[in-house]
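Each remark here refers to the structure printed beneath this line.
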Amino acid sequence: MDLQVKARLRWRLSLLCRACLSVSEIKRIVEDKLAEEKEFSYNSHRLNYFFHSYNNFGITERAIEVPLIRYYLEQADYRNVLEIGNVTNHYYDYYRQSFIGKNKTTVDKFEPGYGVINADIAEYGPGVKFDFIYSISTFEHMDSDLGRNPDYVEGSSRLISVAADNIKYVSDVLLQNGGKFVITAPLGYTPEWDLTFYSDDLERCNCSKLRRYLLKRKKELTWEQIDVEEGRTASLDPHLPYREYLSILEFDK
């Protein structure tokens, strides 16, 4: 997305805010802009874009991350689910049917919330294993986080990054045999995550399969799946309001 497009988006949003439009009115405007492109394709499956007033007016990565995780939740009869990072609790209505019959645990190091366990995932040891584990835009914050992470110590990780260490811990210790672990995170936000996503260190996880997927923003509100190798040229610019690439890691144990 070029700078002119970003500027137009910020201008439009500022107008919407000044006009005090309701969420439903903003949603209608966004849907009008989407026109025929109300879905995106992921591994040959058509998924609807997601709209919500919390942290997403259809223009952040949430527009595709949230439906991607619901897609995975509905692929198997998972019973014991772990979320790393408190995200889906903010979209309860959207996930209401997806969590029926499932025992869901949410672990978040910092964010308080009803039923949220505030703990570092690297130190979380519940004594049980999970058949589905997922995380939405959380692992990219586990290293320096552009200087925002007060607990980060450069060179402290055993693998290429703290995120990679935590991925290995989750895969080896918390994921049960036959289970699935899915991570979504933007490329081009932190250098540590970009290196982690492509690193061979991930092959050291105790899993039978590792798959990498990549989606790219093709217009201001729409995305398309592309070849994973194209993300290696993603530009690092933390000042951009929204990312151009979304990475997905999928582990089968």
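Within region 116-156, being in contact with a Phe, Trp or Tyr (Cβ under 8 Å, 6 or more places away or on another chain), within 28 Å of Gly178 (Cα to Cα) and charged (D, E, K, R) holds for Asp131, Glu140.
Filtering region 229-249 to residues that are out of contact with any helix residue (DSSP H, G or I) (no Cβ under 8 Å at 6 or more places or on another chain) and under 27 Å from Lys38 (Cβ atoms) leaves Glu230, Arg243, Glu244.
Within the set of pairs 6 or more residues apart or between chains, which connect a residue that is touching a residue at least 12 places away in the same chain (Cβ under 8 Å) and farther than 15 Å from Arg62 by Cα inside region 215-228 to a residue that is exposed (fewer than 14 other Cβ atoms within 10 Å of the Cβ) and not aliphatic (A, V, I, L, M) with Cβ atoms less than 8 Å apart? Close Cβ pairs satisfying both conditions: Gln225/Ser41; Gln225/Asn43. Considering only region 185-206, I want to know if a residue exists there that is among the charged types (D, E, K, R), closer than 16 Å to Glu250 by Cβ and either at pLDDT below 95 or surrounded by 19 or more Cβ atoms within 10 Å (Cβ to Cβ) (or both). Taking every residue of region 185-206 in turn, none turns out to be among the charged types (D, E, K, R), closer than 16 Å to Glu250 by Cβ and either at pLDDT below 95 or surrounded by 19 or more Cβ atoms within 10 Å (Cβ to Cβ) (or both). Is it the case that some residue within region 205-222 is part of a helix (DSSP H, G or I), charged (D, E, K, R) and out of contact with any Phe, Trp or Tyr (no Cβ under 9 Å at 6 or more places or on another chain)? The answer is no, given that none of the residues of region 205-222 is part of a helix (DSSP H, G or I), charged (D, E, K, R) and out of contact with any Phe, Trp or Tyr (no Cβ under 9 Å at 6 or more places or on another chain).
Would you mind stating whether Lys180 is within 26 Å of Ile59 (Cα to Cα) and out of contact with any Leu (no Cβ under 6 Å at 6 or more places or on another chain)? In short, no.
Being of a type in the set (Gly, Ala, Ser) and surrounded by fewer than 21 Cβ atoms within 10 Å (Cβ to Cβ) is a property that does not hold for Gly179.
Please identify the pairs in which a residue from region 235-253 that is more than 18 Å from Ser208 (Cβ to Cβ) and at pLDDT below 80 has its Cβ atom under 6 Å from the Cβ atom of a residue that is among the aliphatic types (A, V, I, L, M) and not in a loop (DSSP other than H, G, I, E, B), counting only partners at least 6 apart or on another chain. Short answer, once both residue conditions are applied: Pro238/Leu146. Applying the criterion of being of a type in the set (Gly, Ala, Ser) and in contact (Cβ under 8 Å) with a residue 60 or more places away in the chain to the residues of region 167-196, the residue that is farthest from Leu214 (Cα to Cα) is Gly178.
The values are calculated or read from the model by the stated rules, or taken from the named source; none is laboratory data. Here the structure is a predicted model, which is why all the values come from computation and not from measurement. Positions of Cβ are backbone-derived with ideal geometry, glycine not excepted, and every protein chain shown enters the neighbour counts.
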